[in-house]
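To keep things clear, I will list the structure first and then write my remarks on it.
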Amino acid sequence: MGVEVTISYRSAKYALDFTKKLVQDVGGRILKKASQQKRISFKGEIDLVTQFDREAQRLIVDALRKNFPEYGILSEEDIDTNTDRAIKWIVDPLDGTTNFAHGLPIWAISIGLEVEKDILLGVVYDPNRRETFSGLKGRGAHLNGRRIHVSKAKRLEYSLLVTGFPYDIRRSKKNNLRHFNAFAVRARAVRRLGSAALDLCYTACGRFDGYWELKLSPWDQAAGSLILREAGGRITDFSGRDFDVYGNEVLGTNGYIHRQMMRVLNPE
Ligand code: IPD
Ligand code: CA
Ligand code: CA
């Protein structure tokens, strides 16, 4: 029988403060280089990676390994070390790579800490706006140190939504286009920003009322899901079951419009 691992509030707070400084430092460095020529390689037909995704990852992973040698790390660009550990970092070194590659200033760094399959803390940093979103389980969510809350919109017709499309959009029938069409004529408007981490954080602070997406990876949503929940939001799969960062569906809302969105996602 395994021994359950827990982290004290002090250690969690230390890890949170460390992570905030780390993403601000790495984000600032990458931002300075953002106008330089990018070397783009392809992980899939339309799934890009640049040398700056890798550079951000190297800086983050080196710092985490040095300061938290006992924790595992799962990071997007082929880093998977000690992920069987009860405590592990889940890192997206650059979320919004397509935007970044095109010079569109909507991208972020996302780091979550998973303890016994549960996300304990999360930080998402947007260097372009100098916005640091953070959350600590049971202690609320913050934007640049100020407490944030989800919106109060009660009806889908008055709601601003956000979504994204999977990288297999050209090949798979489960490509979100049907859901997108359905929401486009029911909500006030639907946006597609290109960074799942920011989509979740923007829903957490009330800029969006609801967000849904398919086929994300744990690094896209680990930090943002915790931040949204700590801001008072609700997060599940499309059928209202418990959200799983390793799962295939995310529906994150202010709570009020959750069932209305579920009805659109699951038409009779
Ligand atoms: C992507 C972004 C995008 C989402 C994709 C993700 P990446 O992450 O979060 O918004 O629609 O599914 O893969 O590749 O830029 O880190
Ligand atoms: Ca991502
Ligand atoms: Ca990424």
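Roll a 1.4 Å probe over the protein chains and send me the accessible area per residue for the range 46-163 in Å².
Working: 4950 Å² over 118 residues.
Result: 42 Å² of accessible area for each residue.
Can you tell me how the range 9-147 classifies by the Cα gyration tensor, rounded, prolate or oblate, using a/c under 1.5 as the rounded cut? Kindly include the intermediate steps, with their values, before the conclusion.
Numbers: a/c = 2.03, a/b = 1.38, b/c = 1.47.
Taking the square roots of the gyration eigenvalues as a ≥ b ≥ c, the range 9-147 is oblate.
In a GNM of the chain with a 10 Å cut-off on Cα contacts, which of E249, E230, E157 has the highest mean-square fluctuation?
Its mean-square fluctuation being the largest, the pick is E157.
Classify the range 132-196 as rounded, prolate or oblate, taking a ≥ b ≥ c as the square roots of the eigenvalues of its Cα gyration tensor: rounded when a/c is under 1.5, otherwise prolate if a/b is larger than b/c and oblate if not.
Numbers: a/c = 3.12, a/b = 1.58, b/c = 1.97.
Oblate.
Multiplying the sequence separation of A63 and E45 by 0.36 nm and subtracting their Cα-Cα distance, what value in nm do you get?
Values: separation 18, 0.36 × 18 = 6.48 nm, distance 3.20 nm.
So the chain would gain 3.3 nm between A63 and E45.
Quick one: if you stick a label point 7 Å off each Cα along the C-beta vector at V5 and K174, how many nm between them?
Label at V5, label at K174, 3.0 nm between them.
Using +1 on the beta carbon of Lys and Arg, -1 on that of Asp and Glu, and nothing else charged, what's the dipole of the range 169-221 about the Cα centre, debye to 20?
Working: 11 positive and 4 negative charges, 82 e Å.
It comes to approximately 400 debye.
Using +1 at the Cβ of each Lys and Arg and -1 at the Cβ of each Asp and Glu in the range 1-110, identify which of L94, L16, S110 lies farthest towards the dipole's positive end.
Of the candidates, L16 comes out farthest on the positive side.
May I ask you to list the residues of the range 67-98 whose amide nitrogen lies under 13 Å from a point 7 Å from Cα along the Cα→beta-carbon direction of K33?
94
Just H258, H102, H179 to compare: in a GNM of the chain, with alpha carbon springs under 10 Å, which one fluctuates most?
Top of the fluctuation ranking is H102.
Can you tell me the dipole magnitude for the range 9-147 around its Cα centre, using point charges on the Cβ only (Lys, Arg +1; Asp, Glu -1), in Debye to the nearest 20? Working shown, then result.
On the way: 23 positive and 20 negative charges, 157 e Å.
Computed charge dipole of the range 9-147: roughly 760 debye.
Within the range 67-87, whose backbone N sits under 16 Å from a point 7 Å along Cα→Cβ of F18?
67-74, 86-87
Could you check the spin-label model distance between T98 and N181? Points 7 Å from the Cα along Cα→Cβ, value in nm.
Distance between label points: 1.9 nm.
At 222 nm, what helix-only mean residue ellipticity would the chain give, in deg cm²/dmol to the nearest 500, using -39500 (n - 2.57) for each DSSP H run of four or more? Can you show the working numbers first?
Working: 7 runs with 85 residues, N = 268.
About -10000 deg cm²/dmol.
Evaluate the charge dipole of the range 156-265 about its Cα centre and quote only its size in Debye, nearest 20, assuming +1 on the Cβ of each Lys and Arg and -1 on the Cβ of each Asp and Glu.
That gives a dipole near 480 debye.
Tally up the carbon and sulfur contribution to the accessible surface of the range 1-123 as a whole percent, 1.4 Å probe, everything protein left in place. Mind showing how you got there, number by number?
Numbers: 3140 of 6230 Å².
Percent of accessible area from carbon and sulfur atoms in the range 1-123: 50.
Please figure out what share of the DSSP beta bridges in the chain is antiparallel and state it in percent, rounded to the nearest 5.
On the way: 40 of 50 bridges.
Taking every DSSP beta bridge with both residues in the chain, the antiparallel ones total about 80 percent.
What percentage of the solvent-accessible surface of the range 156-265, computed with a 1.4 Å probe over protein heavy atoms, is contributed by carbon and sulfur atoms? Let's see the in-between values first.
Values: 2120 of 4550 Å².
Within the range 156-265, the accessible surface is 47 percent carbon and sulfur.
Percent antiparallel among DSSP beta bridges with both residues in the range 9-147, to the nearest 5? Walk me through the intermediate numbers first.
Values: 31 of 35 bridges.
Just about 90 percent of them are antiparallel.
Relative contact order for the range 170-263: what is it in percent, counting Cα pairs under 8 Å that are at least 6 residues apart?
Working: 127 pairs, mean separation 24.5, N = 94.
Over the range 170-263, the number comes to 26 percent.
Most fluctuating residue of V185, V150, V162 in a GNM of the chain with Cα springs under 10 Å: which is it?
Ranking V185, V150, V162 by mean-square fluctuation puts V185 first.
I want to make sure I understand the PRE zone here: with the label point 7 angstrom from the Cα of I106 toward its beta carbon, which residues in the range 127-169 have backbone N atoms less than 13 Å away?
161-165
Leaving out same-chain residues fewer than 8 places away, which lysines sit with a Cα under 26 Å from that of K88?
Result set, ordered by chain and number: K13, K20, K21, K43, K66, K117, K137, K215.
Can you bin the range 156-265 into rounded, prolate or oblate? Criterion: square roots of the alpha carbon gyration tensor eigenvalues sorted a ≥ b ≥ c, rounded for a/c under 1.5, prolate for a/b above b/c, oblate for the rest. Mind dumping the intermediate values first?
Working: a/c = 1.43, a/b = 1.06, b/c = 1.35.
It comes out rounded by the Cα gyration axes.
Of all chymotrypsin sites (Phe, Trp or Tyr not before Pro) in the range 218-268, which ones are in loop regions per DSSP and have a Cβ with at most 15 other Cβ atoms within 10 Å? Walk me through the numbers on the way to the answer.
On the way: sites: W219, F238, F243, Y246, Y256; in loops: F238, F243, Y246, Y256.
Answer by residue number: Y246.
Distance in nm between label sites at E116 and N82, each 7 Å beyond Cα in the beta-carbon direction?
In this crude spin-label approximation the distance works out to 1.9 nm.
The values are calculated or read from the model by the stated rules, or taken from the named source; none is laboratory data. On a predicted model such as this, the values are computed, not experimentally measured, just so you know. Glycine gets a Cβ as well: all are built from the backbone with ideal geometry, and neighbour counts include every protein chain shown. When the accessible area is computed, the model is the full protein with side chains, heavy atoms only, and any ligands, DNA or RNA have been set aside. Shrake-Rupley method; radii C 1.70, N 1.55, O 1.52, S 1.80 Å.
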